[in-house]
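Below: the structure, in structure tokens.
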Amino acid sequence: MIELSRAPASLPPGRRIYAIGDIHGCARQLADLHGIIAGDLASRPIASALLLHIGDYVDRGADTAGVIAKLVDGCPIPGMDMVNLMGNHESTMLDALSGERAAGTDWLFAGGKAALQSYGIDPDGPRDRWAALIPQSHQDFLRNLILMHREGGYAFIHAGVRPGIPLENQARDDLLRSRQPFLYSEADFGAVVVHGHTPVKTPVVRHNRIAIDTGAVFGGKLTCVVLEADTLGFLTADPMDEPVSIAHR
């Protein structure tokens, strides 16, 4: 049974959001967490529920292809809407697939080797063949990811924001890659920012942000924050000993 506590913001009555942190190719863990969410929704029905993924589906973990396959055809949990955000790893992957030489090198260094291998592609093979060997539906999924979702008192963003700048004026790179000064800021960002990108051992809840990347690909749990009215709770999927490609964060 989920344990609920007071949240730093609120959602309209009858609305619930399940937001999942960074996945990084942990397909089995994601399937497990989707099942846990489905069970929670069945035991606690609500008029309207949203499944949201905070970004970084790809790289490092064993099964990037499997993660995207679970999402490419729509919400895997019946009766829910779904929103998928872009992370910095998807942005780099898309640049690499477009043929940018530097982006290709960056992608391989940041965990792209594991992503390519999940599609049966030799990372040391010709780079100009990468795009042709990854299903077009998977590439379309990545290109259609959005940078921000706002609802109630929350803004869902992959990495964070630059303090002092309105949410609607934030730079793309800050939304995808922010760490400092965002993580230590006490500022009001205009909404409580729910984010991933920077791994933490357990979820962090502050007055202005909620961090939900609990390092699934580094042996941690995959975490979902559950937001409803003025409460929050957490659902998690335990590590499944999936092989990991360690790279810089």
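The values are calculated or read from the model by the stated rules, or taken from the named source; none is laboratory data. Being a predicted model, the structure only gives us computed values, none of them experimental. Cβ atoms come from the backbone with ideal geometry, glycine included; neighbour counts cover every protein chain shown. Quick note on the areas: whole protein, heavy atoms, side chains included, nothing else; ligands and nucleic acids left out. Shrake-Rupley method; radii C 1.70, N 1.55, O 1.52, S 1.80 Å.
Do you know which residues across segment 103-118 are in contact (Cβ under 8 Å) with a residue 12 or more places away in the chain and either under 17 Å from Ile23 (Cα atoms) or open to solvent by 50 Å² or more (accessible area, probe 1.4 Å) (or both)?
Across segment 103-118, the qualifying residues are Asp106, Trp107, Phe109, Ala110, Gly111, Gly112, Lys113, Ala114, Ala115, Leu116, Ser118.
I'm checking my understanding of the structure. Among residues of segment 87-98 that are in contact with a helix residue (DSSP H, G or I) (Cβ under 7 Å, 6 or more places away or on another chain) and either assigned to a loop (DSSP other than H, G, I, E, B) or among the small types (Gly, Ala, Ser) (or both), which one is surrounded by the most Cβ atoms within 10 Å (Cβ to Cβ)?
Filtering first and then ranking leaves Gly87.
Could you list, ordered by first residue, the pairs with Cβ atoms under 6 Å in which the first is in segment 1-24 and farther than 21 Å from Ile77 by Cβ and the second is acidic (Asp, Glu) and open to solvent by 40 Å² or more (accessible area, probe 1.4 Å), at least 6 apart or interchain?
Qualifying pairs under 6 Å: Ala7/Asp230; Ser10/Asp230.
Could you list, in sequence order, all residues of segment 197-213 that are in contact with a strand residue (DSSP E or B) (Cβ under 8 Å, 6 or more places away or on another chain) and within 16 Å of Gly153 (Cβ to Cβ)?
Val205, His207, Asn208, Arg209, Ile210
Kindly indicate whether Asp56 is within 25 Å of Arg129 (Cα to Cα) and of a type in the set (Asp, Glu).
Criteria met by Asp56.
Just to be sure I understand the filter: pairs with C-beta atoms under 8 Å, separated by 6 or more residues or on different chains, first member in segment 200-222 and open to solvent by 60 Å² or more (accessible area, probe 1.4 Å), second member among the charged types (D, E, K, R). Which pairs pass?
His207/Glu186; Lys221/Asp238
Any idea which of Arg177, Arg172 is more than 14 Å from the chain's Cα centre (by Cα), touching a residue at least 12 places away in the same chain (Cβ under 8 Å), within 17 Å of Gly87 (Cα to Cα) and open to solvent by 10 Å² or more (accessible area, probe 1.4 Å)?
On the way: Arg177 fails: more than 14 Å from the chain's Cα centre (by Cα).
Checking each option against the conditions leaves just Arg172.
Restricting to segment 5-24, give me the number of residues that are over 19 Å from Arg209 (Cβ atoms) and either open to solvent by 40 Å² or more (accessible area, probe 1.4 Å) or not in a loop (DSSP other than H, G, I, E, B) (or both).
Initial filter on segment 5-24 (over 19 Å from Arg209 (Cβ atoms)): 12-16, 23-24.
Still in the list and also either open to solvent by 40 Å² or more (accessible area, probe 1.4 Å) or not in a loop (DSSP other than H, G, I, E, B) (or both): 12-13, 15-16.
Number satisfying all stated conditions: 4.
Identify all residues within segment 68-85 that are more than 20 Å from Gln139 (Cβ to Cβ) and in a strand (DSSP E or B); write none if there are none.
Asp81
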